[in-house]
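Structure first, commentary second.
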Amino acid sequence: MGSQIEITETRFSGVFTDSNRLFTKNMVPRSRVYGEKLYSQGDEEYREWIPRRSKLAAYIKLGGSYFPFSSDTRVLYLGAASGTTASHLSDIVTSGIVHCVEISPRSFRDLVALCGKRGNMVPILADAAKPEDYRPMVENIETVYQDVAQKNQVSILVKNMSTFGAESGMIAIKARSEDVTKAPERVFSEAESSLKKQGFKVVDVIPLEPFEKDHAMIAVKRK
């Protein structure tokens, strides 16, 4: 067990704080994913959730108001990389599932190893822009979480939400991946407008600086 701390649950299910740092309850005790510190309170072990390593943690730390995850949520994670943020979602959706889509074979190898330790994480080697390729492997998705570094990020989110009938979505918009010639604020504004035009209700837009440069988190729901 790690060092003892005094923590309380935040208003977001499965997310804890000591008034300064964020934590999730470790699904695999004594196991780290990306070098994060482990702490204990009573018989429970918690992993520090580091905002500079996770855009979702940065969103929470910066005052984000929307969190469509609970213990039984079924999540489609686009751009899971080696699984840093996905592992924290795994800690949160203990009786749900996190389908993790990643296109890089190198990152996917690490992701597969991580999923082997966590029964509610499923690795999928695929292009997030082609949900038809992994449609047979995924069902009953409630929330799509997206963190992909390529163009047409909004289109990718919308296509996946439509394919799987998800009611909510969160997208970490990377301005420089979308258009290096535009100011990030303009990219974020255009993404928000596009989502609204396609019938979604935008419930939150949070720039992620100082944790992530030229990024913003946008949360949406179906109307």
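List of remarks:
- On the basis of the beta-carbon distance and an R0 of 35 Å, VAL112 and ARG11 show a calculated FRET efficiency of 0.55.
- Under 11 Å, Cβ to Cβ, from PHE188 - net charge with Lys/Arg +1 and Asp/Glu -1: -2
- Using 0.36 nm per residue and subtracting the Cα-Cα separation, the extra length available between SER104 and SER65 on full extension is 10.9 nm.
- Computed extension length for ASP179-ARG52: 43.4 nm, one decimal, from 0.36 nm per residue of separation with the Cα-Cα distance subtracted.
- Between helix 153-164 and the chain: long-axis angle, C-alpha atoms, 0 to 90°, nearest 10: 80 degrees
- The tail of the calculated P(r) for the chain beyond 31 Å holds 16 percent of all Cα-Cα pairs.
- Among residues other than TYR134 with Cβ under 14 Å from its Cβ, the summed charge is -2 (Lys and Arg +1, Asp and Glu -1).
- Each of LYS37, LYS223, LYS55 was scored by other Cβ atoms within 10 Å of its Cβ. Arranged with the fewest first, they read LYS223, LYS37, LYS55.
- Based on DSSP H segments of at least four residues, each scored -39500 (n - 2.57), the chain has a per-residue ellipticity at 222 nm of -7500 deg cm²/dmol.
- Extended-chain gain in nm, criterion 0.36 nm per residue less alpha-carbon gap, GLU209 and ASP18: 66.6 nm
- Farthest towards the positive end of the charge dipole of region 1-117, among the residues LEU78, THR17, ILE50, is the Cα of LEU78, using unit charges on the Cβ of Lys, Arg, Asp and Glu.
- By the beta-carbon count within 10 Å of each Cβ, the least crowded to most crowded order of CYS115, CYS100, fewest first, is CYS115, CYS100.
- Distant-in-sequence amide H partners of ASN26 (H built 1.01 Å from N, under 5 Å): GLU45, TYR46, ARG47
- Using the Cβ of VAL202 as centre and a radius below 14 Å, the other residues enclosed give a net charge of +3, where K and R count +1 and D and E count -1.
- By other beta-carbon atoms within 10 Å, ranking GLU102, GLU44 with the fewest at the front produces GLU44, GLU102.
- FRET efficiency, 1/(1 + (r/R0)^6) with R0 30 Å, evaluated for GLU139 and SER40 via beta carbons: 0.25
- Between region 35-58 and region 105-174, the C-alpha centres lie 23 angstrom from each other.
- Our coupling estimate for region 189-194, obtained by passing each phi through the Karplus curve with A = 6.51, B = -1.76, C = 1.60 and θ = phi - 60°, is 5, 5, 5, 4, 5, 4 Hz, Gly and Pro reported as x.
- Dipole in debye (nearest 20) - the chain, about Cα centre, beta carbon charges: Lys, Arg +1; Asp, Glu -1: 400 debye
- Selection from ILE206, PHE164, PRO131, by position along the positive dipole direction of the chain (Cβ): PRO131
- Measuring spread by the Cα atoms of region 36-160 yields a radius of gyration and Dmax of 14.4, 46 Å.
Throughout, read-outs are computed from the coordinates displayed, never taken from laboratory work. Since the structure is predicted, the reported quantities are computational estimates derived from the model, not experimental observations. Cβ sites come from the backbone with ideal geometry, for glycine too, and all protein chains shown count toward neighbours.
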